[in-house]
Amino acid sequence: MDGLMPSYAISLCFYLDSVNIVDDFDTVKIRANLQRMTSKKSNYHHGDLRRSLLQSASLMLRETGIEGLSLRKLADHVGVSRTALYHHFQDKNELLCALAEQGFHHWYQRTRQLVESTESDHREMFRRFFYHYIQDATTTPETYELMFGRAIWKQAQATPTLKDIAYLCFQYQVEITARWQQLGLFPQEETTVRLAQVIWSTMHGLARLVIDGVYADSQHIDDMCDCAIRMLLTPDTKASDK
């Protein structure tokens with residue numbers, strides 16, 4: 001593909017967008033304006049078409065939801081042929097899985113940045129971790145639905161790469177839960193995996209209630225987050241001694 005233009009693109013390059021014919025008895029000059037027809041395709045040909053497709057698909061997902069997203073509409077939106085699109089996504093499920101992968105990568109990067117920060121107050125760190133989860137989920141509900149909803153997982157249609165990043169994210173949550181147990185934030189006698197599952201389930205349940213419109217008042221949501229955090233954390237003995 002690098003440096004080579006497919007035959008169908010070569011044919012398109014000779015499409016005459018505007019033609020000026022000057023007849024001076026023995027000379028016919030034909031000038032074709034090719035810029036409009038080739039600018040997008042040449043850029044994508046040498047650039048990262050997959051990234052461009054995912055960026056546009058994310059935008060369409062926010063605007064129309066899962067049901068309104070299709071490969072045909074995506075190809076038209078980006079300005080590429082469906083053949084070019086099929087080189088990256090064989091069907092809609094592969095596209096949805098790739099969008100879900102992006103969501104997990106975003107969660108993983110932001111969570112690592114938060115947890116590996118120099119914040120010395122570990123209880124405050126967990127509070128920020130909890131709020132960060134709710135904020136991400138409710139800010140991009142369509143992506144969150146792909147990450148954890150039935151569109152992919154209930155049908156057992158997750159791609160291997162989506163399974164890998166989803167597993168990596170949960171493993172990281174187990175790892176930081178074990179770290180917080182050692183710091184005394186959670187009971188050490190509890191099984192770390194089960195504790196991580198309970199923490200995630202609590203955050204997920206709250207996020208779904210907000211996404212589904214059951215709760216909309218921001219103050220109520222904050223109050224519920226703070227209540228859940230207090231219930232999950234062990235009592236702060238240092239604070240009680242003061």
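The values are calculated or read from the model by the stated rules, or taken from the named source; none is laboratory data. Bear in mind that the values here come from a model prediction, so they are computed numbers and not experimental data. Calculation scope for accessible area: heavy atoms of the full protein, side chains included, ligands and nucleic acids excluded. Shrake-Rupley method; radii C 1.70, N 1.55, O 1.52, S 1.80 Å.
With the other protein chains left in place, how much accessible area per residue, in square angstrom, belongs to the range 113-171 at a 1.4 angstrom probe?
Values: 3280 Å² over 59 residues.
Per-residue accessible area for the range 113-171 comes out at 56 Å².
If 92, 73, 154, 163 are ordered by their accessible area, calculated over protein heavy atoms with a 1.4 Å probe, which sequence runs from highest to lowest? Don't jump to the answer; show the numbers that get you there.
Values: 92 65, 73 90, 154 145, 163 110 Å².
Largest to smallest exposure gives the sequence 154, 163, 73, 92.
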- Message: Please report the accessible area of residue 56 (heavy atoms, 1.4 Å probe, ligands and nucleic acids excluded) in Å², nearest 10.
- Response: 20
- Task: Determine how large the accessible area of residue 217 is when every protein chain is in place; take a 1.4 Å probe and give Å² rounded to the nearest 10.
- Result: 70
- Item | Solvent-accessible area, 1.4 Å probe, carbon plus sulfur percent, for the range 92-242 | 51
- Accessible area of residue 227, 1.4 Å probe, to the nearest 10 Å²? 50
